[in-house]
Each structure stands twice: as C-alpha cells, then as structure tokens.
Ligand code: GUN
C-alpha cells in the first residue's frame, strides 16, 4: 500500500514555483501578488488563510490579507471585491468561504474579475473548464489530479467514483475526470440521495470521498487494490490534542488503508495540495495566462 504524501509533493511543487518566480523577478518581471479576503473568525477559515499566506512566502509571492468582521454588509464586501479587481498590483485574489449568512456567496463570486479568480469559482472559469478551454481550475480537484499523476496512478479508461457533488470539489472533479485531456475516466457521482452507494463504490478503481461526513467510507465499500482519495477535513473533538480537536477525513483510514493500493492520509494528503494549486494558479495569474 502506497501512502500518498501530499505534504511532500506540495513542498516539491512550491520549490519549483519559487525557482520560476525568482527567474521572473531576476529578468525584470513582477513578483506575483495574491490577496486573500477573510470575513469573521471561523477557526477553519483562519487556519486555511494563514496557511495560504505562509505558502505565498514559500513561493516567493507577495501576499496581502484583508480582514473584516462578520457584520460587514454585502455591499461593502462587493466594494472590496471591485477595488481588488481594479488594483493592478494584485494579480489574483480569493474570498475565503463560507461567508456569513446575510451575504450571497454567488453574488460575491460573480463580482470577481474572472482573470483574477485564482479559486476558479467564477462561472466563466467553471464553464471554460467544463469545455476544456484555458481557465483557472479549482484547486482541490487540480491537486487530486496532480497527486495521481505524480504517483503514476492511471485514470484513463478506469472507473472513478466521486462521493459528493459540491461546486468546489465534487462537480469540478467529475468534469475534469471525464475530460480526455485530464482524467479520461468513466465517472460516477454519488450523493446523499444516491442508491446502492456501497455497490457503486466497490466498482471504483479510484474512489474520491468529498462529502464531508467523517469516517463514513468503510472497508466494505472499497474494492481490493483501489486508490482512495480523502478530501474530508472535519474537526472532531479530541481531548488528547492541545487544540482540543483533530482533523478527521471522510474515510475510515485504519480499516480502509490495508485494502488499497494507494491512499491519501488526513491531514497531509489532499489539503496541502489544495493550497499548492492555489499557488500555481496565482503564478498563472501573475503571468496573465488567463485573459
Ligand atoms: N473554503 C473552503 N475551501 C475553499 C477554497 O478553496 N477557497 C475559498 N475561497 N474558500 C474555501
């Protein structure tokens, strides 16, 4: 069984990015600049954004963190987005989700200039990605594809089963997996109203769990020799930790791992790759590759 090391893979890619950035700067080019907007004090979002800023440092990027309290109005936040759209020093930016209930996430996403939308959430990027045109591709699915490539795990003609249909992971993952230039796979998407989930999962050569239900992929759902990718990162209480919690994936790792040919751990699997792909998208934005 191969343990897919997302942390090491992400570190290697960030070193490659840094090398390219220093070459760009040495030849008189502009250092890529990522801005992140964080609303409120959600613990998970705070950690993600902190790690994104640290990743920018590792890649030699400039980064700017813009923080607002969770009573910011939708109009005020839309103004922040417009200012970032118009700021030529900013190559790309993200608005960390989730947003407070009184703000429409879709309105905010659609206000972002798609050429700076390094999350790949804007409908123009989603649509372009879906028909195979150049686009910012959302970071988690791109990170999963990259891990599979770097570990020489084939998907072409294989059966890929995706658990979850979110706009951020499940849907774009399915789109990319079915496209000839990316996964070239036969794709099944399962969700909370799917039937025969266990039987469907047992068909998978590659099983991608992204439904946000801790430890719900059990050994009886996995075909011997399958590759299992765990996107889950639920905080569950753990009195033995200083923080009082630990991150739990969607996969019952201890039971499932012995059956797999390869599996991602949580933490240290998909998570670091997601942030790393955001860095790759920021480099792309700096080079103005999406226009
Ligand atoms: N919240 C959870 N994942 C993400 C992400 O990839 N980008 C943003 N902006 N918010 C998130």
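Values quoted throughout were computed directly from the atomic coordinates according to the rules given, and no laboratory measurement underlies them. Not measured: the values here are computed from a predicted model. Methodologically, a virtual Cβ is constructed for each residue, glycine included, from the backbone with ideal geometry; neighbour enumeration extends over all protein chains shown.
If I take the Cα coordinates of the chain and project them onto the principal axes, what are the three extents in Å, biggest first?
So the extents along the principal axes, rounded to whole Å, are 52, 42, 36.
Which one of 243, 64, 233 has the biggest mean-square fluctuation once the chain is modelled by GNM with Cα springs under 10 Å?
243
Round to a whole angstrom and tell me the spacing of the C-alpha centers of segment 221-291 and segment 12-38.
Spelled out, the Cα-based centre of one part sits 25 Å from the other.
Relative to the longest principal axis of the chain, what angle (0 to 90°, nearest 10) does the C-alpha long axis of helix 139-150 take?
Rounded to the nearest ten degrees, it is 60.
Considering the chain as a Gaussian network with a 10 Å cut-off on Cα pairs, which listed residue, 246, 158, 115, attains the greatest mean-square fluctuation?
246
What angle do you read, to the nearest 10 degrees and between 0 and 90, between the alpha-carbon axis of helix 74-86 and the longest principal axis of the chain?
70
Can you give me the angle between helix 6-26 and the longest principal axis of the chain, using Cα atoms only, in degrees from 0 to 90, rounded to the nearest 10?
Roughly 30 degrees between the two axes.
Of 53, 270, how do they rank once you tally other Cβ atoms within 10 Å and put the fewest first?
Final ranking by Cβ density, sparse to dense: 53, 270.
If you build the Cα gyration tensor of segment 182-291 and take the root of 5 times each eigenvalue, what three semi-axes come out, in whole angstrom, biggest first?
Three semi-axes, in Å: 26, 22, 13.
Given only helices, namely DSSP H runs of n ≥ 4 each adding -39500 (n - 2.57), what is the per-residue ellipticity at 222 nm of the chain, to the nearest 500 deg cm²/dmol?
Here the helix-only value at 222 nm equals -12000 deg cm²/dmol.
Top mean-square fluctuation among 114, 68, 182, Gaussian network model of the chain, C-alpha springs under 10 Å?
Among 114, 68, 182, the largest mean-square fluctuation in the Gaussian network model of the chain belongs to 68.
Which three extents, in angstrom, do the Cα atoms of segment 122-217 have along their principal axes, listed largest first?
Principal-axis extents of segment 122-217 (Cα, largest first): 36, 28, 20 Å.
Relative contact order for segment 1-139: what percent, with Cα pairs under 8 Å and sequence separation of 6 or more?
Over segment 1-139, the number comes to 21 percent.
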